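The values are calculated or read from the model by the stated rules, or taken from the named source; none is laboratory data. All values reported here derive from a predicted model rather than from experimental measurement. No Cβ is skipped: glycine too gets one built from the backbone with ideal geometry, and neighbour counts run over all protein chains shown.
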Amino acid sequence: MKLKQLQTEHTEKEGSNVTLEGWVRNHRPQKTFGFLDLNDGTCFETVQVVYDQTLDNFDETRKIRNGSAVRIEGEVVLTPKRPQPFEIKAHEVEVVGAADADYPIQPKRHSREFLRQKAHLRPRTNLFTAVFRIRSLLTQAIHDFFQSRGFIHLASPIITANDAEGAGEMFRVTTLDPKAPPLDDSGAVDFSQDFFGRKTNLTVSGQLHAEAFAQAFRDVYTFGPTFRAEKSHTSTHVSEFWMVEPEMAFTDLQGNMDVCEDMVRHLIRQVLKHADSELEFLDRFVENGLLRRLERVASSEFVRITHTEAVDILEQSRQTFERPFEKDFASEHEKYLLSYFDAPVFVTDWPKDTKAFYMRLNDDNETVAAVDLLAPGGGEIVGGSQREERYTMLKKRMDEMGIDTEELDWYLQLRRFGTTPHSGFGLGFERMLMYVTGVSNIRDVIPFPRTPNNCEY
RNA sequence: GCCUCAUUAGCUCAGCGGUAGAGCACUUGACUGUUAAUCAAGGGGUCCUAGGUUCGAAUCCUAGAUGGGGCGCCA
């Protein structure tokens, strides 16, 4: 039987025998009896197993160490006067796989740094049980949201030929011999002899491919892994992460923000609805006030201001900032705007030279129809835009910014064959997860994080 | 890439120029309802590495390695 099921049915099951399988989180043996805290992976909670000398293998059971895998057969006993509503009175305890004495996870707080070095064992701690249960829930919620609105999911390619679209450094994909690659006449590496007959990289974004599908299915989204080879050392960057990228034809920037706002609210509501125990734990041990913050965001209207308005607010703030804010914002500016409004804020219409080539040029010729969503406690979690759908404008912008128009001819063609005003955004999945769980380092919301100089496991 | 802080037992940390410490974990024992149980005893150390200063270095100095935090780049 699964513990999750027993949790909802323990009243009906009172007095009946059940078998549970799981891992011992903590063990409190005494002289003639003892207690095992068992987690079977099906829910956040543990169940207390009580055993005594009536067990055939009482002496062996007394010696069970934390981390051991066990099978318990016993009776469901209601315990309304104790901290837990029910427990299991064991009739049989079978050790399925004992844990050696040097099992490193103890029933106490460990540092995140230590647990990162034990990434294969950390899902057995309360914190990571909560985080990864919510991660799974959030994945489901994303698909629910888009599928229920008729969006088509597309698996955008992980290996791409797009060399650079301005999103950052890329990982090269190659089968050439690193010691003796073939060279061309000028002495440079000859990638025409590489596996795909050209230079290829891991994707930095599925957006361009999503745009192609949006011109066929209208509303589409991608949800998959993304790779950046930047040597960033921060708590919000990893080399491999997941992005959600919806793309919508016949949709302007306002419509884009409507979908984004609905999505963020939906995601938070789903977590609030289905992860009570996890959020309660996180609110207590990770971020005091997490629940209140999420509830407020789930019910509040998001603010919408232009970049020009945001700059005005910063200018009138009477606060001294270390960095200039006329063009792009640093985290200190984002924090000020968030505390000013005390709600999620969309900032739109950014100066064109701070943003990517595909964003639609506004009539002022100075700004583009870009949008960043700033969220209290999470910083920038979404970046999006209305795309430049006018062929000549796009071509001009690409030339100005030195983007290879030959390589991206297929992307330009989309503007010649039935172009539409269209928009989309990218949600950093792990950043959303940080925002929802209160966990402050992105390496602690991804199962096996990859960062510069670190690819263990 | 830049700036900072750290590295002492399996974990969390104290010690800051004079014999290597505590709590938890582990092992053993006590305990008839524990909730990160409690109590007692025991085992456990390349004080990150390499140099240097000193009668004497975990402690002071130099370099390096690894990790954390901040900034930049971004999601």
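Summary of computed values
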quantity: Subset of the stretch A:13-32 [within 12 Å of RNA strand B (Cβ to nearest atom) and surrounded by fewer than 17 Cβ atoms within 10 Å (Cβ to Cβ)]; calculated: A:N26, A:R28, A:P29, A:Q30, A:K31, A:T32
quantity: Number of the exception - A:G150 against (1) over 24 Å from A:F285 (Cα atoms); (2) in a loop (DSSP other than H, G, I, E, B); (3) within 15 Å of RNA strand B (Cβ to nearest atom); calculated: (3)
quantity: Test: residue in the stretch A:115-136 that is in a loop (DSSP other than H, G, I, E, B), surrounded by 18 or more Cβ atoms within 10 Å (Cβ to Cβ) and more than 14 Å from RNA strand B (Cβ to nearest atom); calculated: no
quantity: Hey, A:R109 within 30 Å of A:K273 (Cβ to Cβ), within 15 Å of RNA strand B (Cβ to nearest atom) and either modelled with pLDDT of 95 or more or charged (D, E, K, R) (or both) or not; calculated: yes
quantity: Residue identified as more than 19 Å from A:S136 (Cα to Cα), among the β-branched types (V, I, T) and out of contact with any helix residue (DSSP H, G or I) (no Cβ under 9 Å at 6 or more places or on another chain) among A:T392, A:T367, A:T419; calculated: A:T392
quantity: Identity of the residue in the stretch A:405-448, loosely packed, with under 15 Cβ neighbours inside 10 Å and not in a helix (DSSP H, G or I), that ends up nearest to RNA strand B (Cβ to nearest atom); calculated: A:S440
quantity: Matching residues, the stretch A:353-369, being of a type outside the set (S, T, N, Q) and either in contact (Cβ under 8 Å) with a residue 24 or more places away in the chain or not assigned by TED's automatic domain parsing to the domain that holds A:A212 (or both); calculated: A:D353, A:K355, A:A356, A:F357, A:Y358, A:M359, A:R360, A:L361, A:A369
quantity: Residue selected from the stretch A:337-382 under the condition closer than 18 Å to A:M257 by Cα and of a type in the set (D, E), by the criterion surrounded by the most Cβ atoms within 10 Å (Cβ to Cβ); calculated: A:D372
quantity: Any hit, the stretch A:3-11, residues being closer than 23 Å to A:A98 by Cβ and away from RNA strand B (no atom under 14 Å from the Cβ); calculated: yes
quantity: Pairs where the first residue, in the stretch A:52-64, is under 20 Å from A:G97 (Cβ atoms) and the second is within 12 Å of RNA strand B (Cβ to nearest atom) and not small (G, A, S), C-beta under 7 Å, 6+ apart; calculated: A:T61/A:Y51; A:R62/A:P29; A:I64/A:V24; A:I64/A:H27; A:I64/A:L36
